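For reference, the structure discussed in these notes is given below.
The values are calculated or read from the model by the stated rules, or taken from the named source; none is laboratory data. As the structure is a prediction and not an experimental result, all values here were calculated from the model. Cβ sites come from the backbone with ideal geometry, for glycine too, and all protein chains shown count toward neighbours. Heads up: the accessible areas ignore ligands, DNA and RNA and are worked out on the full protein's heavy atoms, side chains in. Shrake-Rupley method; radii C 1.70, N 1.55, O 1.52, S 1.80 Å.
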Amino acid sequence: MSYQYHKSTVFKIIQETELVKRFFFKVPDEIPFSFSAGQFIMLNLPIASKFTNRSYSIASAPSNDNTFELAIVLNPKGLGTPYLWENIEVGSEIDVSKPLGKFVMKGPIENDICFVATGTGIAPLRSMAHHIFNNNLEHKNIYMIFGNRWAKDIIYHEEMQELAKLHPKFQYIPVLSRDSDGWTGKKGYVHPIYEEIFSDKRPATFYMCGWRDMLHEARHRLETMGYDKKSIKFESYD
């Protein structure tokens, strides 16, 4: 599939964790660029591969200033992320596609929302959460269940904690699958967390993004609990 690309400029880079960088992009003002929370873009990279484009979910909330953020985890064995790590700095220009994808929120929020993420899969869910709060959208309970291996892997941790303080109906639940010194939060995997919260089978919409194995198991478990496929939205990134 061919995509139409526009030049964008990297105006900020944050080393979020050892393996995750946050890249901030600016698309020229004369180019129409708007996206819905949950969408992704393609980066066209000059790498030695038959497929030079790479897709990344937008981590920032929709705005009117032609900027967006990507949270990208380094895959040392890949081609795309090593190129970004080694060659992209503030001021670099990268070809960016228009926003793509149907992993978006639609209509009024009538049920509880459960976001389930692993790793950088939190990116589109973060975008959705900020979109809700930035626009004061009416909502019921919102849960952000975020699975990682180690405490050092958690991105946006302090930010999510602050959101939970500011918004009483928002609950942030990080969970680690490996022991981390001093960790007092949830341990294990994400699945028992949402199963316990929604054991009453109340109406809810689930938005999930992360490792493919997690998504497969979560969909199966939620359907076993009685949730309809239409209430389970997902995006895979591996």
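Laid out as a table, the results:
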{"read-out": "Cross-link pairs beyond the 25 Å C-alpha cut-off, checked among Lys77/Lys230; Lys7/Lys230; Lys7/Lys50; Lys152/Lys186; Lys12/Lys152", "value": "Lys77/Lys230; Lys7/Lys230"}
{"read-out": "The range 39-145 - charge dipole about Cα centre, Lys and Arg +1 at Cβ, Asp and Glu -1, debye rounded to 20", "value": "400 debye"}
{"read-out": "Ratio of the Cα radius of gyration of the range 173-213 to 2.2 N^0.38 Å, where N counts its residues", "value": "1.37"}
{"read-out": "Within a Gaussian network of the chain (alpha carbon springs, distance under 10 Å), most fluctuating of Asn136, Asn75, Asn44", "value": "Asn136"}
{"read-out": "Total charge dipole magnitude, the chain, about the Cα centre, Cβ charges on Lys, Arg, Asp, Glu only, Debye to nearest 20", "value": "500 debye"}
{"read-out": "Order of exposure, largest accessible area first, which applies to Arg54, Arg149 with probe 1.4 Å", "value": "Arg149, Arg54"}
{"read-out": "Probe 1.4 Å, all protein chains present, accessible-area order of Ile14, Ile41, largest first", "value": "Ile14, Ile41"}
{"read-out": "Per residue accessible area of the chain, 1.4 Å probe, in Å²", "value": "53 Å²"}
{"read-out": "Built amide H within the under 5 Å cut-off of Trp211, gap 5+", "value": "Thr118"}
{"read-out": "Estimated vicinal HN-Hα couplings, Hz - the range 59-73 in sequence order (Karplus 6.51, -1.76, 1.60; Gly, Pro = x)", "value": "8, 8, 6, x, 9, 10, 10, 6, 10, 7, 10, 10, 10, 10, 9"}
{"read-out": "At q = 0.14, 0.22, 0.29 Å⁻¹, base-10 log of I(q)/I(0) for the range 31-89 (Debye sum, equal scatterers on each alpha carbon)", "value": "-0.45, -0.94, -1.24"}
{"read-out": "Among 205-213, 162-170, the order from most to least packed when residues are scored by Cβ within 10 Å on average", "value": "205-213, 162-170"}
{"read-out": "Helix 157-166 axis, angle to the chain major axis (alpha carbon atoms, nearest 10°)", "value": "60 degrees"}
{"read-out": "Hits among aspartates and glutamates - C-alpha to C-alpha of Lys140 under 13 Å, sequence gap 8 or more where chains match", "value": "Glu110, Asp112"}
{"read-out": "Total charge dipole magnitude, the range 120-183, about the Cα centre, Cβ charges on Lys, Arg, Asp, Glu only, Debye to nearest 20", "value": "160 debye"}
{"read-out": "Within the accessible area of the chain (1.4 Å probe), percent carbon and sulfur", "value": "49 percent"}
{"read-out": "Rg/Rh for the range 65-113, where both radii come from Cα atoms and Rh is the Kirkwood radius", "value": "1.11"}
{"read-out": "Antiparallel content of DSSP bridges confined to the chain, in %, to 5", "value": "50 percent"}
{"read-out": "Links that overshoot a 21 Å alpha carbon limit, given the list Lys201/Lys229; Lys106/Lys233; Lys26/Lys165; Lys169/Lys201", "value": "Lys26/Lys165"}
{"read-out": "Computed helical MRE - 222 nm, the chain, DSSP H runs ≥ 4 contributing -39500 (n - 2.57), nearest 500", "value": "-6500 deg cm²/dmol"}
{"read-out": "Estimated D of the chain in µm² per second, where Rh is the Kirkwood radius over Cα pairs and Stokes-Einstein applies at 10 °C, 1.306 mPa s", "value": "85 µm²/s"}
{"read-out": "Accessible-area ranking of Val104, Val10, Val90, largest first, probe 1.4 Å", "value": "Val90, Val104, Val10"}
{"read-out": "Rounded tilt (10° steps) of 122-134 against the dominant C-alpha axis of the chain", "value": "80 degrees"}
{"read-out": "Between 0 and 90°, nearest 10: helix 212-225 axis offset from the chain longest Cα axis", "value": "30 degrees"}
{"read-out": "Cα gyration tensor category, rounded, prolate or oblate, for the range 104-228 with a/c compared to 1.5", "value": "oblate"}
